[in-house]
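**Student:** Sharing a structure here in structure tokens format.
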Amino acid sequence: MHPVVHMFYAMDRYYQMRRLGLFEANVPRYTSYPPANHFSDGVSEAVHARWLSQVPEGSTVSVYLHIPFCRRLCWFCACRTQGTRTQSPVTAYVDTLIREIETVKAALPDGVHAQRIHWGGGTPTLLPPADITRLGAALAEAFPAAKGAEISVEIDPNEIDAPRMDALAAIGMNRASIGLQDFDPEVQALIGREQSYEVTRNAAEGLRVRGVNSLNTDLLYGLPRQTQARIESSMQMLLSLNPDRVALYGYAHVPWMAKRQALIPTEDLPAPEARLALFETAESVLQWDGYESIGIDHFARPDDSLACAARESRLRRNFQGYTDDRCDVLIGLGASSISKFPQGYVQNAAGTAVYQKAVRAGNLPTDRGHVLTVDDTLRSFVIERLMCDFGVDQRPSLPFTLQQLDPILDDLACEFEGQVSRDGNGLRIHRDSRPLTRLIARHVDAYTSARATSHSSAI
């Protein structure tokens with residue numbers, strides 16, 4: 001394309017996105033439907049226990065384990081975390097987690113195995129080797145690993161050493177996820193996360209030496225004083241680590257929810273149009289290096305299982321982002337963790353004190369949740385396919401009839417005319433319109449209007 005033609009094409013594309021409200025919109029990330037801020041106290045501990053008991057005997061499930069502690073609190077982070085400088089609260093929390101694992105196991109039928117176990121946080125690698133070992137043993141006892149099971153752990157390179165790597169390898173960790181954010185020193189200082197390339201490279205090499213050959217990395221765009229040149233440099237440094245997967249997340253500036261983000265100077269944050277340019281710069285580097293685009297913000301080597309799932313329309317979306325996990329049940333353990341059952345969602349108490357009090361009393365730490373309706377299930381399906389496949393293909397094998405899907409797809413075709421294509425086979429989002437995906441998904445969302453300001457930028 002001639003440079004002048006390309007310039008006018010890009011201007012027109014940005015104009016269309018601006019016209020549709022992309023640069024002003026705040027929308028959910030749709031890692032669940034409905035989004036978690038619409039959960040209520042209508043799901044009790046008794047309901048939670050009943051849903052656990054209804055997991056099919058001998059089935060496989062996914063397990064998420066939340067470690068909320070960090071040695072230091074990064075300013076950009078909006079996760080449920082708390083700082084600690086001493087080990088005693090961490091050890092007490094691990095004791096409680098093991099008690100919760102035992103309580104959940106008692107509620108489940110016999111023969112349930114784990115296909116996926118993910119340790120998230122917070123900083124799971126803050127745990128000393130002894131706690132990693134006993135927590136891993138408790139999980140293995142309650143959820144024996146199924147054939148080909150994946151055990152993944154979020155790694156903070158600043159908070160990992162050889163003994164902890166050894167302990168993680170010993171409990172079966174076979175995938176690691178390393179958070180990078182950005183390698184530029186000025187950007188790191190502005191977000192309260194100083195992490196050198198050397199420290200990150202040493203962590204990656206140490207994990208691989210111990211047989212952890214599957215490596216995920218995360219990079220953020222939309223950070224203060226981040227430029228296209230800086231994010232391109234950070235991406236090149238990231239690629240030197242040769243990760244299997246890269247998650248390219250947009251920084252969510254929500255200081256009304258995460259008070260620590262008030263430390264980040266708002267005036268240094270890029271405008272929405274600049275955020276999109278940052279994403280597209282990083283995306284072009286990844287694609288040039290051979291990574292395939294996965295959904296709206298993930299990339300993977302062509303032989304990675306996530307890329308295979310995307311090509312075969314088997315991609316799914318959950319609270320960890322994109323996944324090829326096929327399990328119908330996700331069991332969340334730890335403070336604020338969310339479980340997903342075919343019947344609905346359950347979230348544990350968010351505060352560690354409340355969570356620990358409930359578990360130590362022998363109870364499930366149920367706080368709130370959502371019972372899925374037929375309409376929820378239909379809209380959840382459409383939103384997940386939009387987020388994973390950029391469209392809905394009306395194949396005979398789909399769980400819904402054409403009569404159920406047609407009104408939703410017709411409405412999208414009308415609202416986003418020129419950005420999507422509608423025919424007898426379904427609906428597709430045009431390739432150049434993919435930045436609108438979350439905005440298009442929001443139009444399917446029946447819960448969206450009440451609390452739109454609680455979500456992050458659509459870019």
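The values are calculated or read from the model by the stated rules, or taken from the named source; none is laboratory data. These numbers come from a predicted model, not from an experiment. Because the Cβ atoms are built from the backbone with ideal geometry, glycine has one as well, and the counts that use them run over all protein chains shown. All accessible areas refer to the heavy atoms of the entire protein, side chains included, with ligands and DNA or RNA removed. Shrake-Rupley method; radii C 1.70, N 1.55, O 1.52, S 1.80 Å.
**Student:** Give all pairs with beta carbons closer than 6 Å in which a residue from segment 180-205 that is under 18 Å from Arg225 (Cβ atoms) and at pLDDT 90 or above meets a residue that is assigned to a helix (DSSP H, G or I) and of a type in the set (A, V, I, L, M); count only pairs at least 6 apart in sequence or on separate chains.
**Tutor:** Matching pairs, first to second residue: Phe183/Met237.
**Student:** Within segment 35-50, restricting attention to residues that are modelled with pLDDT of 95 or more and not hydrophobic (A, V, I, L, M, F, W, C), which residue is most open to solvent (accessible area, probe 1.4 Å)?
**Tutor:** Arg50
**Student:** Checking the structure you have, find out if any residue of segment 426-444 is in a loop (DSSP other than H, G, I, E, B) and either out of contact with any strand residue (DSSP E or B) (no Cβ under 8 Å at 6 or more places or on another chain) or crowded, with 21+ Cβ neighbours inside 10 Å (or both).
**Tutor:** no
**Student:** How many of the residues making up segment 276-299 are under 21 Å from the mean Cα position of the chain (by Cα) and open to solvent by less than 20 Å² (accessible area, probe 1.4 Å)?
**Tutor:** Taking segment 276-299 and keeping what is under 21 Å from the mean Cα position of the chain (by Cα), we get 276, 278-280, 282-283, 286, 291-299.
Restricting the remaining residues to those that are open to solvent by less than 20 Å² (accessible area, probe 1.4 Å) gives 276, 278, 282, 286, 291, 294-295, 297-299.
Within segment 276-299, residues that are under 21 Å from the mean Cα position of the chain (by Cα) and open to solvent by less than 20 Å² (accessible area, probe 1.4 Å) number 10.
**Student:** Moving on to the next point. Being part of a helix (DSSP H, G or I) and either farther than 19 Å from Phe416 by Cα or touching a strand residue (DSSP E or B) at 6+ places or on another chain (Cβ under 8 Å) (or both): is that true of Ala350 here?
**Tutor:** no
**Student:** Looking only at residues in segment 414-425 that are of a type in the set (Asp, Glu) and free of Cβ contacts under 8 Å to residues at least 24 places away in the same chain, which one is most open to solvent (accessible area, probe 1.4 Å)?
**Tutor:** Glu417
**Student:** What strands (runs of 3 or more DSSP E) lie completely within segment 78-195 and have 2 or more residues being open to solvent by 50 Å² or more (accessible area, probe 1.4 Å) and over 25 Å from Lys259 (Cβ atoms)?
**Tutor:** 145-155
**Student:** Residues in segment 284-293: is at least one over 20 Å from His118 (Cα atoms) and modelled with pLDDT under 95?
**Tutor:** Checked against the condition, which is being over 20 Å from His118 (Cα atoms) and modelled with pLDDT under 95, segment 284-293 yields no hits at all.
**Student:** Let me ask another. Just to be sure, is Ser380 modelled with pLDDT of 95 or more, of a type outside the set (Phe, Trp, Tyr) and either more than 23 Å from the chain's Cα centre (by Cα) or surrounded by fewer than 16 Cβ atoms within 10 Å (Cβ to Cβ) (or both)? Outline the logic, then answer.
**Tutor:** Numbers: modelled with pLDDT of 95 or more: yes; of a type outside the set (Phe, Trp, Tyr): yes; either more than 23 Å from the chain's Cα centre (by Cα) or surrounded by fewer than 16 Cβ atoms within 10 Å (Cβ to Cβ) (or both): no.
So Ser380 fails the test.
**Student:** Hey, among the residues in segment 403-459 that are among the charged types (D, E, K, R) and under 26 Å from the mean Cα position of the chain (by Cα), which one's modelled with the lowest pLDDT?
**Tutor:** Step one: list which residues in segment 403-459 are among the charged types (D, E, K, R), which gives 406, 410-411, 415, 417, 422-423, 428, 431-432, 434, 438, 442, 445, 451.
Subset that is under 26 Å from the mean Cα position of the chain (by Cα): 428, 431-432, 434, 438, 442, 445, 451.
Numbers: Arg428: 96, Arg431: 93, Asp432: 92, Arg434: 94, Arg438: 94, Arg442: 94, Asp445: 95, Arg451: 47.
Among those residues, the one meeting the criterion is Arg451.
**Student:** Which one of Ile171, Ile155, Ile117 is in contact with a Ser or Thr (Cβ under 8 Å, 6 or more places away or on another chain), more than 27 Å from Lys357 (Cβ to Cβ), touching a residue at least 40 places away in the same chain (Cβ under 8 Å) and not charged (D, E, K, R)?
**Tutor:** Just one listed residue meets the conditions, Ile155.
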